[in-house]
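Following: one structure in structure tokens, then a few remarks.
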Amino acid sequence: MAGRRAAKVPATQAVPAPEEKPAVQRPDQVDDRYAEYDPNVARRLAGYIFPYRRRLAFAMVLVVSASALSLAGPYVVSLAIDEGIVAENWSALMLAVAGLTALNLAAWRIRVKQADILSRTGQGIMYDIRTQMFAHLQRLSMSYFDTHEVGRIISRMTSDVHVLEDFATWAIVQVVNDTFVLFGIVGVMLFMDLKLSLLTFTVLPLMAVGTFIWRAKARDSYREVRQAISRINGSLAENINGVRVVQSLVRETLNFSIFRGINRHNLNMNLYASRLSAIYFPSVEFTNALAVAMVVWFGGREVLAGNLTEGALVAFWLYVGRFFQPIRDLAMRYNSLLATMASGERIFQLLDTKPDVVDKPNAQPLERIEGRVQFDDVSFSYTPDKPVIQNVSLDVAPGQTVAFVGSTGAGKTSLIKILSRFYDVTGGAIRIDGQDLRDVTQESLHRQVAIVLQENFLFSGSVLDNIRYGRLEASEEEAIEAATAVGAHEFISELPYGYHTEVQEGGAILSTGQRQLIAFARALLADPRILILDEATANIDTQTERLIQQALRRLLRGRTSFVIAHRLSTIVQSDVIVVIEQGQVQEMGKHQELLGKRGRYYELYTLLNSRQRALEEGIG
Amino acid sequence: MDTLKRLVSRYLLRYWRQAVVTYLCMTVTTVTGLVVPMVIRNVIDVGLAGRNPGLIDRAALIIIGISAASAVFSFGQRYLHAWLAENMAYDIRNDLYDHVQHLSFAFHDRTETGQLISRCTSDVNAVLRFSGWAIMQAINILLMTVIALAVLFTTDWKLAAVSILPLPVVAVMAVVFRQRIRPIFRAIQQQFAVMTTVLQENLLGAQVVRAFAREQYEMRKFNVEVDRVRRQRLQSIRYWVTNNQTNIFLFSLCTTLLLLYGGPRAIRGELTVGVLVAFSSYLALLAGPIQSIGEIVNSATEATAAGERIFEILDTQSEVADAPDAVEAPQFQGTVAFEGVSFRYSGREPGRVGPLTITDVSFEAAPNQTIAVVGSTGSGKSTLVSLIPRFYDVTQGAVKIDGVDIRRYTLESLRRQVGIVMQEPLLFAGTVRENIAYGRPDATDEEITRAAKVAQAHDFITAFPDGYDTFVGERGYTLSGGQRQRVSIARAILLDPRILVLDDATAAVDTETEHQIQQALAEVMVGRTTFVIAQRLTTAKGADLVLVMDHGKVAERGTHAELLEQGGLYRRIYDLQLRDQEEQLARDGFGAVADGEAPRTRPALGEENGYGR
């Protein structure tokens, strides 16, 4: 019977927690759709650019003048031919050559300068957005992290911001530049010969239409390609990660055939994309050649008729060759604008998320507290229709240890989360020394309330850094003292560099138990008035287990403590045991009293002891 | 060079027909591209100077004709080249995938997963980039340079010599630039990774950050790293742009030199305007390809390094493979015997011999018996049982099933009859149903449900919004550790293996869940030869034979009761594990309950001790 109940509880419990998560998504869905142009997003993006407007304007002036200079190039060449060579005027030729060199020299310097300004601007904007997003993430409530995947948040701050950089700097200036160049060429040609230029312009619509058709197709096909390759990578990664399972279940042949299919799909998508560009670029080149043929045919006749100089003909030929690039660039910019809209939308979504827990405008810092904690008819729910905590009332005197026990999913974790004010209560109030948690600033609260969680998260950095995370200004001696007090000193000293050993990502070189001891030291160093602790439950080897039990005693001493307890020793030694079931206090009292009641506590206690008992029967 | 040669011979040569057509197309495209400037030259020098309108008309038609041909061949070249490169990448990926999944556990133990994945992805991409772009570009440059220079020098060698002066400078600069920008980019990548790590840790440790009110500190930490990224990127952009623009300027010098030296000579009538125009157009054609020399060298270097790593994997032979004369295993009875088995892990560096992990272990399990393996961490428990499905091969001695050395059987037929539940239950992206049926994709829904029920997984699965169709795995519905473990047990059950290996299946779950899992396992073990590893001695109680491992040796063996009486290592572990709780029990006067006062939860206790049968 007990077995059945135990089996069922986590089953029903497992539902509410993940419910908060976004809808299940197949991993092959790549998050890179293109949005439509959104004036709202554009306006907000412009807000980031605004502080840099002077610089940007200057860069624009530079870029336009550099373009003007290089546009003038073919014209100067035509002058060199007509006024210099054909007119057999040596000094005019040399003047033209000198002019050409000067133009190029000037364009060189200007472009370097302009790129410098632009990159500063772009990097500045990226810096602004990233730091702003990070700061915002620090303000967000824990509920945000319960419902948002870390990987996604990171990609907002890396790839999405990166897309924005491209837009904020290069794109704007390039669009101005390309437009200028395109109209510049058209203008110069019109100026040089009206009829010939109008004739050659007939290829422009052809080029433009072709380019814009290609743009849309290319965009879609690149998205397909990206999705295909990300499926390949996903499939590879999964098979490598799970290779032991794959081999033990003899799945190799089937997996390989599935992978070949994914790989084949990627091949086809890539070939389609290649076909698109293999058609597009030669077509453009051919269109270009049509224009050249027109220049030769019509221009040649004009030269023979004496209406056009040889040099101008050459200049026309050179200009015609420059039509294409700005058109293609503008088309690509349009794609990147759409990508920017999508990224911007995602970034603003994050920035617009309001923290659930906010300081009141008149919130006071919490003064040095005694440690009296009162739960006054507290209720709490993540979603309105599903109460997680109902009408819990407790009065805890300073220095007492409270143990929360109950089945998985009974609401213990939620209780300590609202006590830490990771969430605000939805009914009633929690008071510390008589002050409602919601009336004090979160920062001052967390300075006096320390929380030690099951995961024992460690940051990369040295062991010392991690212990000092509890109190940054603590000296090394104090940190060592704290480590010694929780019994961590011994194993830390045995690490390759003692306290200065780097903890790898996620604390890989340390065992679960060791990580927990360091987390204890961290909390002890912070010396909080109130300690909230979620006991780890994973199996820990026997020796570390004993260390942890001793450390716990040391940690709980002299402060008000709340413990989600799994160890008998912790439970039995606490001043108040609170049995939580289905979000409500079912029983409360000291160990012996509760045992005497033979109620739910007795049941839980028996369950926890059962195996030892079975063993004793074995001995007996 | 050898690596590139291997890449070409192994992956490119099989498509030699397509390659020949591709390179033919390329030659035609390059040559036709060089014809147009010559036509223009003719127009200027003969058509215009000779006042020959017929020639001008012909020239226009020729340009159109040539360009049409060029466009067709250019399509062929572009498409076929992509086809070649993508097919090569396709083949390499397939080879890698299949090879890697057949490599032994020992290989995967010593190879970092992340690195292996990156070899299969970014290294393949490096090869793809090389074969798809660099090879084509290299041949293109070679063709173009040779033809263009030949034309230039035969037309007017002096003018050619003067006007190409800047080109070698650009070529050298391009190579040098590539060499120098690489470490800069690498540094940016590293710094970016540092920034991402700070971010990631901040997000993963969000509770810790808030718990200690460290938001300001974290912001300062992050801002420093973002600022570093900014500075490094600025530096690289500046370097990049300066180099690019300098190149463009150097190219413009070609035209300057051309006019400076050629102009006066044209005035003197030593050469024509048409020649000057053709020259400048040839020089412009050379500009792009010469700038990309650096990129090509770079790509070749990268592809070589990537190819080396790829071949290193493909050349690795699996330590565990079918013997040449391996036979299909028959339906096992279930007798498993270890005969003088010793085992050592092959070291990270080949040739270095590590210590023995298992030393001279012998025992025999009769069909349907349960063997418990206990011992401290690192005593060799997991290693011992992983020899049964041949995840590793023994160094000495033999593992026999029904009296036959398991190395005589094919891996596939052996592993189909050995089910294993691992310490870390790993599920794949897919539905719950797909995961349970992972080892037997042809299983019916009834079979799957039955397996799930036996594994005590059916109830929580049906409670999911989509039941058995709930999507799990990365990005999917999050299962708790205990739920994942029960799905993985169902997965093993579905195979209906004669021999079952349970590798500390409850290591990572809390006590309550452990209890459920043990219940599930108790049912599963019926009617199979089972090996079970556990930290907790409760597991050992119901076993037919308990092996106490210590430093790779069987220190003690016997039943639970026998071992306790012996008062050896087993007894010591037992004491250490239970002393606290016992003391507690004694203090509470709880011992009385155990002594048979029959509390109402009593009937459940028999089940509780999952392995008692």
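Table for the structure above
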quantity: Tally, over segment B:210-247, of residues that are within 7 Å of another protein chain (Cβ to nearest Cβ) and without any contact (Cβ under 8 Å) to a residue 12 or more places away in the chain; calculated: 17
quantity: Matching residues, segment A:381-414, being without any contact (Cβ under 8 Å) to a residue 60 or more places away in the chain and either crowded, with 17+ Cβ neighbours inside 10 Å or touching a Leu at 6+ places or on another chain (Cβ under 6 Å) (or both); calculated: A:Ser381
quantity: Criterion violated by B:Asp466 - all others in (1) modelled with pLDDT under 90; (2) surrounded by 23 or more Cβ atoms within 10 Å (Cβ to Cβ) satisfied; calculated: (2)
quantity: Residue identified as modelled with pLDDT under 90, part of a helix (DSSP H, G or I) and away from every other protein chain (no Cβ under 14 Å) among B:Ala174, B:Ala160, B:Ala193, B:Ala150; calculated: B:Ala174
quantity: Output for segment A:436-465, where each listed residue is assigned to a helix (DSSP H, G or I) and within 9 Å of chain B (Cβ to nearest Cβ); calculated: A:Gln442, A:Glu443, A:Ser444, A:Leu445, A:His446, A:Arg447
quantity: Every residue from segment B:252-271 that is more than 8 Å from chain A (Cβ to nearest Cβ) and closer than 15 Å to A:Val77 by Cα; calculated: B:Cys254, B:Leu257, B:Leu258, B:Tyr261, B:Gly262
quantity: Condition check for A:Val425: at pLDDT 85 or above and touching a helix residue (DSSP H, G or I) at 6+ places or on another chain (Cβ under 7 Å); calculated: yes
quantity: Matching residues, segment A:466-503, being surrounded by 15 or more Cβ atoms within 10 Å (Cβ to Cβ), acidic (Asp, Glu) and touching a strand residue (DSSP E or B) at 6+ places or on another chain (Cβ under 8 Å); calculated: none
quantity: So A:Arg554, is it within 11 Å of chain B (Cβ to nearest Cβ) and either modelled with pLDDT under 85 or over 38 Å from the mean Cα position of the chain (by Cα) (or both); calculated: no
quantity: Cβ-Cβ under 9 Å pairs, at least 6 apart or on other chains, segment A:495-516 side in a strand (DSSP E or B), far side at pLDDT below 75; calculated: A:Glu502/A:Ile509; A:Val503/A:Ile509
quantity: Members of segment A:302-338 that are of a type in the set (Lys, Arg), part of a helix (DSSP H, G or I) and within 26 Å of B:Tyr282 (Cβ to Cβ); calculated: A:Arg328
quantity: Count of residues meeting criterion [at the interface with chain B (Cβ under 7 Å from one of its Cβ atoms) and in contact with a Phe, Trp or Tyr (Cβ under 6 Å, 6 or more places away or on another chain)] in segment A:83-126; calculated: 2
quantity: Residue that is outside any helix (DSSP H, G or I) and at the interface with chain A (Cβ under 9 Å from one of its Cβ atoms), where the choices are B:Arg51, B:Arg78; calculated: B:Arg51
quantity: Meets criteria (in contact with a helix residue (DSSP H, G or I) (Cβ under 8 Å, 6 or more places away or on another chain), assigned to a helix (DSSP H, G or I) and of a type in the set (D, E, K, R)) for A:Glu88; calculated: no
quantity: Members of segment B:415-442 that are among the aliphatic types (A, V, I, L, M) and at pLDDT 90 or above; calculated: B:Val418, B:Val432, B:Ile436, B:Ala437
quantity: Test: residue in segment A:286-305 that is surrounded by fewer than 21 Cβ atoms within 10 Å (Cβ to Cβ), at positive phi and either more than 7 Å from chain B (Cβ to nearest Cβ) or of a type outside the set (Lys, Arg) (or both); calculated: no
quantity: Unique match (being surrounded by fewer than 18 Cβ atoms within 10 Å (Cβ to Cβ), within 12 Å of chain A (Cβ to nearest Cβ), outside any loop (DSSP other than H, G, I, E, B) and not aromatic (Phe, Trp, Tyr)) among B:Glu424, B:Glu412, B:Glu434; calculated: B:Glu412
quantity: Residues being within 13 Å of the chain's Cα centre (by Cα), within 19 Å of B:Ser346 (Cβ to Cβ) and aromatic (Phe, Trp, Tyr) - total across segment B:91-109; calculated: 0
quantity: All positions within segment A:349-362 that are touching a Lys or Arg at 6+ places or on another chain (Cβ under 8 Å) and buried (at least 17 other Cβ atoms within 10 Å of the Cβ); calculated: A:Leu350, A:Val357
quantity: Filter result for A:Val163 (out of contact with any helix residue (DSSP H, G or I) (no Cβ under 6 Å at 6 or more places or on another chain), β-branched (Val, Ile, Thr), surrounded by 16 or more Cβ atoms within 10 Å (Cβ to Cβ) and in a helix (DSSP H, G or I)); calculated: no
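Rundown of residues vs (1) surrounded by fewer than 19 Cβ atoms within 10 Å (Cβ to Cβ); (2) of a type in the set (A, V, I, L, M, F, W, C), yes/no style:
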| site | (1), (2) |
| --- | --- |
| B:Thr444 | yes, no |
| B:Ile448 | no, yes |
| B:Gln456 | no, no |
| B:Asp459 | yes, no |
| B:Val472 | no, yes |
| B:Asp496 | yes, no |
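Per-residue answers, yes or no, for (1) assigned by TED's automatic domain parsing to the domain that holds B:Val169; (2) more than 32 Å from the chain's Cα centre (by Cα):
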| site | (1), (2) |
| --- | --- |
| B:Glu201 | yes, no |
| B:Leu204 | yes, no |
| B:Val226 | yes, no |
| B:Val241 | yes, yes |
| B:Leu260 | yes, yes |
| B:Arg265 | yes, yes |
| B:Tyr282 | no, yes |
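The values are calculated or read from the model by the stated rules, or taken from the named source; none is laboratory data. Treat the numbers as computed from the prediction; the structure is a model and nothing was measured. Virtual Cβ from ideal backbone geometry, glycine too; neighbours counted across all protein chains shown.
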